[in-house]
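Remarks on the structure that follows.
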Amino acid sequence: MRQFMITTLLLLAGAAGSAQAQGFIENKDYYPVVPAQRTNVDPGKIEVLEVFSYGCPFCSQLNPFMKEYRRTLPPNVQLVYVPASFNPAEDWPMFQRAAIAAQVLGIFDKTHDAVFDSVWNGGELAILDPATKGIKSRLPTIEDAARFYARVGGVSAAAFLQEATHGFSTDSRIRAAESLILAYHVDSTPTIIVNGKYRITGVSAGNLERMIAVTRWLVAQETAAKAATPAKTAAPPKGSAATAAPATQVTPAARKH
């Protein structure tokens, strides 16, 4: 993360608006996802997926820009949030479990911004010691998170804790999140994936605000491509040799650390 901060600050001055006027450049401002992944959004929608952690300071800094993007979201775009667990020393696995439990319980949208505020503005989920400015010796636990989500999300702490620690849906979604992060070749946060095809980081875009500009541009390209794609022809009769086999999800073999 420290290297990411230095790089971001160095690139900040060079993030000129001329690039957007001319269009952004593949393998410079963003990277292709190879192979592209199937999305899991409503038919006809373009998926914008953020890989994040509440324990990541840069995700916290991106969140106001994401909040504004949510406010102005095009009707054909669907946002998806996938929490990462890269950094156990800063409580990321706990925050991942809590975020996914909140998604399962249907309170994620209500609590998302509040969790960032609590973690980075001295709330009960803070990970920094205000005296030392370093990581706390006692990090927030899932029990602390349950009490927070009960207060902010309107569910009982017991129900939240049950889902977070013993819920089949939460455990399944955690495994799915880890597989998806691997498939997208994500190795830092925040990362934005557009429609399963393009990966944007703060380093590639130049700074956090510019990540949203690149996202908007790629969404516009995907929207135009969908509009230009001819309607699919009718499916061949059942049992025909031309009937396509069902697509399968690509699962990467290994993960880089």
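Residues in the range 93-151 that are under 17 Å from Glu50 (Cα atoms) and in contact with a strand residue (DSSP E or B) (Cβ under 8 Å, 6 or more places away or on another chain): Phe95, Gln96, Ala99, Ile100, Gln103, Phe108, His112.
Being more than 17 Å from Val34 (Cα to Cα), touching a residue at least 24 places away in the same chain (Cβ under 8 Å) and out of contact with any helix residue (DSSP H, G or I) (no Cβ under 8 Å at 6 or more places or on another chain) is true of Thr223.
Scoring Trp92 on the criteria (1) touching a Gly at 6+ places or on another chain (Cβ under 7 Å); (2) within 16 Å of Ile192 (Cβ to Cβ); (3) without any contact (Cβ under 8 Å) to a residue 40 or more places away in the chain leaves a single failure, condition (2). Cβ separations smaller than 9 Å between residues 6+ apart or across chains give the following pairs from the range 24-52 residues that are surrounded by fewer than 16 Cβ atoms within 10 Å (Cβ to Cβ) to residues that are part of a strand (DSSP E or B) and among the acidic types (Asp, Glu): Pro32/Glu26; Asn40/Glu47. Ala89 falls short of the stated requirement of being under 19 Å from Gly167 (Cβ atoms), in contact with a strand residue (DSSP E or B) (Cβ under 8 Å, 6 or more places away or on another chain), among the small types (Gly, Ala, Ser) and at pLDDT 95 or above. Only one of the numbered conditions (1) surrounded by fewer than 17 Cβ atoms within 10 Å (Cβ to Cβ); (2) within 27 Å of Ala183 (Cβ to Cβ) is violated by Gly123, and that is (2).
I'd like to check something: does the range 174-182 contain any residue that is under 13 Å from the mean Cα position of the chain (by Cα) and of a type in the set (Lys, Arg)? Within the range 174-182, none of the residues are under 13 Å from the mean Cα position of the chain (by Cα) and of a type in the set (Lys, Arg). Considering only residues that are hydrophobic (A, V, I, L, M, F, W, C) and within 13 Å of Cys56 (Cβ to Cβ), which ones fall in the range 95-112? Phe95, Ala99 - these are the residues of the range 95-112 that are hydrophobic (A, V, I, L, M, F, W, C) and within 13 Å of Cys56 (Cβ to Cβ). Within the range 180-233, if we keep just the residues that are part of a loop (DSSP other than H, G, I, E, B) and at pLDDT below 95, the residue that is surrounded by the most Cβ atoms within 10 Å (Cβ to Cβ) turns out to be Thr229.
Contact annotation: residue pairs with Cβ atoms under 9 Å, 6 or more positions apart or on different chains, pairing a residue in the range 163-185 that is among the β-branched types (Val, Ile, Thr) with a partner that is modelled with pLDDT under 95, are Ile181/Arg255. In the set (1) more than 14 Å from Ile107 (Cα to Cα); (2) modelled with pLDDT of 95 or more, the condition left unmet by Ala150 is number (1).
The values are calculated or read from the model by the stated rules, or taken from the named source; none is laboratory data. Since the model is a prediction, treat every value here as computed from it, not as a measurement. Neighbour counts are summed over all protein chains in view; Cβ atoms, including those assigned to glycine, are modelled from backbone coordinates with ideal geometry.
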